[in-house]
Structure formats: C-alpha cells, structure tokens
Amino acid sequence: IAIALFSIKNLNSLLLGEQYARSLGMNIGRNRALLIISTSLLAGSITAFAGPIAFVGLAVPHLIRQVVPGNDHKILLPAVIFGGAILMLLCDIVAQLPGS
C-alpha cells in the first residue's frame, strides 16, 4: 500500500497521457515497473490471505470508480481502501445473519 500511496502523483500525471508525464520529467519505464510490482504484491498478498474471497480486491476498485466522481487518485485510493473494508463487513454481516 505504501508503494501505491507514494505513486499517486505519477498515476495522476499518467491519466493525461505518456507525453504529458514525460514533459513533467517522469521516467515512464521505471514508474510502470514500480506500479506493476506494487499491483502484483497487493494482488498476491490479498489472494494468499483471503483465498476464495480475493475477488473483492479485484471488484472494489471498479465499483468505487462508478461511485466516486473524478479521476484524482488522492481521492480514489483511500476510497478503494475504505470501500473494500465496508464491502467485506457487509458481506460478513449478511453471511452471519441466517445463523443468528
């Protein structure tokens, strides 16, 4: 998560295109590799930790993008983190209701 948080400015500059990001002095290849490593570590760790429910880590970013207006990663990244936690809590509540 720390690597992703430190990459927010780079992600925002990439939204406007590679040429714009290069004009800001960003090394596209290095940042692309850093983002792939960050994404792989996050997806791998959630799959190892959560197993079959790891789909939540894949679905929540797409759901949050539909709910939260704008493309600013300073808003989207925390919204995805909290949205995933809220969705998991709701799923846990629904799963435990029939037994109580």
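The table below lists the values:
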{"item": "Where the chain is the region considered: accessible area per residue in Å², 1.4 Å probe", "result": "72 Å²"}
{"item": "Per-bin percent of Cα-Cα distances, the stretch 30-69 [10 Å]", "result": "29, 40, 31, 1"}
{"item": "Degrees separating the helix 55-67 axis from the principal Cα axis of the chain, which is the longest one", "result": "70 degrees"}
{"item": "Cα long-axis angle, helix 28-50 against the chain (0 to 90 degrees, to the nearest 10)", "result": "10 degrees"}
{"item": "Carbon plus sulfur fraction of accessible area for the chain, probe 1.4 Å, in percent", "result": "71 percent"}
{"item": "Tail weight of P(r) past 15 Å, computed on alpha-carbon pairs of the stretch 1-58, percent", "result": "54 percent"}
{"item": "Helix 73-96 axis, angle to the chain major axis (alpha carbon atoms, nearest 10°)", "result": "10 degrees"}
{"item": "Rule-of-thumb Rg ratio for the chain [Cα; 2.2 N^0.38 Å; N residues]", "result": "1.28"}
{"item": "Point-charge dipole on Cβ atoms (K/R +1, D/E -1) for the chain, about Cα centre, debye to 20", "result": "340 debye"}
{"item": "Percent RCO, i.e. relative contact order, over the chain, from Cα pairs under 8 Å lying at least 6 residues apart", "result": "26 percent"}
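The values are calculated or read from the model by the stated rules, or taken from the named source; none is laboratory data. For clarity, every value in this text was computed on a predicted model and none was experimentally measured. Glycine also receives a Cβ, built like all others from the backbone with ideal geometry; neighbour counts cover every protein chain displayed. These accessible areas exclude ligands, DNA and RNA; they are computed on the full protein's heavy atoms, side chains included. Shrake-Rupley method; radii C 1.70, N 1.55, O 1.52, S 1.80 Å.
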